[in-house]
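Below is one structure, written out as structure tokens; the observations come after it.
The values are calculated or read from the model by the stated rules, or taken from the named source; none is laboratory data. Predicted model only: the values in this text are computed from it and were never measured. Neighbour counts are summed over all protein chains in view; Cβ atoms, including those assigned to glycine, are modelled from backbone coordinates with ideal geometry. Accessible surface is based on the protein model in full, side chains and every heavy atom, while ligands, DNA and RNA are left aside. Shrake-Rupley method; radii C 1.70, N 1.55, O 1.52, S 1.80 Å.
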Amino acid sequence: MTARVDEGLSLCGLADVADDLIEWLSHGYRQRVGIAIAVAHEPKLVVLDEPISGLDPAQIVAMRGLIRGLKEKHTVLLSSHILSEISHTCDRILVLHQGRIVAQGNEASLAAGLSAPVEILARGKVGDAERADLARLEGVSGLEVEAAGEGLVR
């Protein structure tokens, strides 16, 4: 077991703080401790939820390297709302909506697929001035506005 602990400390860059109490550690080091604990029993799958949240730029770079290094021994599932961050650390991106995969690929292929129609439901009224403003937005190639219920437009 000691060998695994030493391996986790080395893998996660924690050797210098191994004797410190976790309450003394920065947020970034605490994130690393969590990953070290998660991989200590050598699981096939490691799930990370927003691992760079709250980290400073230097810690973000270190965390990206750590996550990329995990793929040598583990399948890593990373959850994030930041597409560009996922593309820095992952080989494949899956977009989930209500528990179902709705798109997959790399950042470029996903961005290219964004030309599909987008439906927006909003509260309020859309008059001629608002319609003209919406039509001028970058990426809008067509615009249809219809009533969608009391006080709503689609």
Members of region 44-61 that are in contact with a strand residue (DSSP E or B) (Cβ under 9 Å, 6 or more places away or on another chain) and either on the phi < 0 side of the Ramachandran plot or in a helix (DSSP H, G or I) (or both): LYS44, LEU45, VAL46, VAL47, LEU48, ASP49, PRO51
Test: residue in region 123-142 that is surrounded by 12 or more Cβ atoms within 10 Å (Cβ to Cβ), touching a strand residue (DSSP E or B) at 6+ places or on another chain (Cβ under 8 Å) and either on the phi > 0 side of the Ramachandran plot or assigned to a helix (DSSP H, G or I) (or both): no
Residue in region 50-65 that is more than 23 Å from SER26 (Cα to Cα), open to solvent by less than 40 Å² (accessible area, probe 1.4 Å) and at pLDDT 85 or above present: no
Total residues in region 68-104, condition surrounded by 10 or more Cβ atoms within 10 Å (Cβ to Cβ), in a helix (DSSP H, G or I), modelled with pLDDT under 85 and not charged (D, E, K, R): 4
Counted residues, region 10-34 - those being assigned to a loop (DSSP other than H, G, I, E, B) and under 18 Å from ILE60 (Cβ atoms): 5
Tabulated pairs, region 118-143, first within 24 Å of VAL102 (Cα to Cα), second modelled with pLDDT of 70 or more and part of a helix (DSSP H, G or I), C-beta under 7 angstrom, 6+ apart or interchain: VAL140/LEU134; LEU143/ARG131; LEU143/LEU134; LEU143/ALA135
